[in-house]
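The values are calculated or read from the model by the stated rules, or taken from the named source; none is laboratory data. Please read these numbers as outputs of a predicted model, since none were measured by experiment. We place every Cβ from the backbone using ideal geometry, glycine too, and count neighbours over all the protein chains shown. Areas reflect the complete protein model, heavy atoms only, side chains present, ligands, DNA and RNA absent. Shrake-Rupley method; radii C 1.70, N 1.55, O 1.52, S 1.80 Å.
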Amino acid sequence: MAEYAHPEVLVTTAWVDQHRNDPNVRIVEVDVDTTAYEQGHIPGAIAWNWTTQLCDTVRRDIIPKDQFERLMGQSGISNDTTVILYGDNNNWFAAWAFWQMKIYGHADVRLMNGGRKKWIEEGRPLTTEVPQVSPTTYRAKDPDFSIRAYLPEVRSAMEARSASLIDVRSPQEFTGEILAPPGLPETCQRGGHIPGAKNIPWGLACNEDGTFKSADELKALYEAQGVTPDKPAIAYCRIGERSSHTWFVLKYLLGYPEVKNYDGSWTEWGNLVGVPVEKP
Amino acid sequence: MAEAATLRPEQYVRRREQLAGWEVNVVSYKLGDKFLCEVDNVSPGAIIARGQGATREEAESQALAQARERLARTRRFPT
């Protein structure tokens, strides 16, 4: 059985349970908001709110470098801290935070395999106490946007068929039957997908318990759809968090050399005037 | 650093059902003296509502009411 290309970026729930008091380990729960964290979280974990702390709240973007440095510093994270990320929705927003931390060059960041769901299913301890952290001074690297796709590049890739476009949303979103996941607000004017994109929902990469499938299973999943390591790959979803999850799988578990997350995703493409849309 | 006071989730139950025409997972468990519930939309798997209460029924009722209201707003388009 093949191993993951970078197994060091994944830790088990048992590992986290054993290391949650290590001084050089910072555990962070990352969710779209902090409701779940407030109800109970891994002892010692701090919370990041995706909406207000990882995204620029004025323009649509990731937070700029200086704000990222402040967030790390306030979180007690130094450049050499081992950061363990987990969250609900099977680590969607944790994967976004991982991607953003790699943009700003943090060396040792890892995902807890299975996320919040697996921790709770296993009956591991939770607390509502918020830990006190000692602020640090953090120096981020200049952003590495080689792992981020912007609209012009996606449009070129679509026209030239020069990259595998992977739409990781549900089949109903892909076909345009719905404009947003059931129960969530609609954020686009048109349904459908980017012409030529393959629909490989993010969840196909996971087992029932939320952990990632084996390297062999993942390889078979993506290669069956023509997503192979010899061609650049661009993942997208609705707002870029589910596609961060797939970006993580392709880049770190399968070791594809050129993978980007198009965080503009369908909320950008599905609102543009005049771009082609494929349905179903 | 002082060890935080901890509780272990107990009586964990997960079930799948139809709600307002959509498939949902309903998860509930006991944490200390209260029950927590969360409802996700299965495909793609986003949590769309949470509830809590003194009993499982109370927590589920709160979460399901919120989920039903949100799901009812989801429009389907012909493809």
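Points to keep in mind about this one:
- Taking the Cα centre of the protein assembly as shown as reference, the dipole from Cβ charges on Lys and Arg (+1) and Asp and Glu (-1) amounts to some 680 debye.
- Cα-Cα over 23 Å, subset of A:219/A:251; A:213/B:34; A:141/A:231; A:198/A:219; A:117/B:30: A:213/B:34; A:141/A:231
- Interface size A-B, as summed buried accessible area [1.4 Å probe, Å², nearest 100]: 3000
- For the protein assembly as shown, share of DSSP beta bridges that run antiparallel, in % to the nearest 5: 50
- Burial ranking of peptide ranges A:73-85, A:168-180 (average Cβ count within 10 Å, highest at the top): A:168-180, A:73-85
- Cα gyration tensor, the stretch A:146-269 - rounded (a/c under 1.5), prolate or oblate: oblate
- Taking every protein chain into account, the 1.4 Å probe leaves residue A:208 with about 140 Å² of accessible area, to the nearest ten.
- A 1.4 Å probe, protein heavy atoms only, puts the accessible area of residue A:216 near 70 Å².
- Counts of other chain beta carbons within 10 angstrom of each beta carbon in peptide B:20-33 average 2.
- Taking all Cα-Cα distances within the stretch B:10-72, those exceeding 18 Å account for 25%.
- Rounded if a/c under 1.5, otherwise prolate or oblate - the stretch A:74-122, Cα gyration tensor axes: prolate
- Neighbour net charge for residue A:229 - beta-carbon separation under 13 angstrom, K R +1, D E -1: 0
- Taken per residue, the accessible surface of the protein assembly as shown reaches 42 Å², heavy atoms only and a 1.4 Å probe.
- Shielding value for B:71-77 is 6, the average number of Cβ atoms from other chains within 10 Å of each residue's Cβ.
- Other protein chain C-beta atoms within 10 Å of residue C-beta, averaged over A:119-131: 5.
- Cα-based Kirkwood hydrodynamic radius, the stretch A:7-143, one decimal, Å: 14.8
- Amide H contacts under 5 Å for residue A:104, placed H, 5+ residues apart: A:144
- From most to least packed by mean Cβ count within 10 Å, the peptides A:249-257, A:55-63, A:151-159, B:21-29 give A:249-257, B:21-29, A:151-159, A:55-63.
- Alpha-carbon centroids, the stretch A:205-235 and the stretch A:47-115: separation in whole Å: 24
- A simple packing score, the average count of other Cβ atoms within 10 Å per residue, orders the peptides A:23-29, A:141-147, A:218-224 as A:23-29, A:218-224, A:141-147, with the highest score first.
- Every helix of 4 or more DSSP H residues in the protein assembly as shown counts as -39500 (n - 2.57), and over all residues that averages to -8000 deg cm²/dmol at 222 nm.
- If only the Cβ of Lys and Arg carry +1 and only the Cβ of Asp and Glu carry -1, the dipole of chain B around its Cα centre is close to 360 debye.
- Rounded to the nearest 20 debye, the dipole magnitude of the stretch A:146-269 is 260 debye, with +1 charges on Lys and Arg beta carbons, -1 on Asp and Glu beta carbons, and the Cα centre as origin.
- Gyration tensor (alpha-carbon) shape descriptor, the protein assembly as shown, a/c threshold 1.5: oblate
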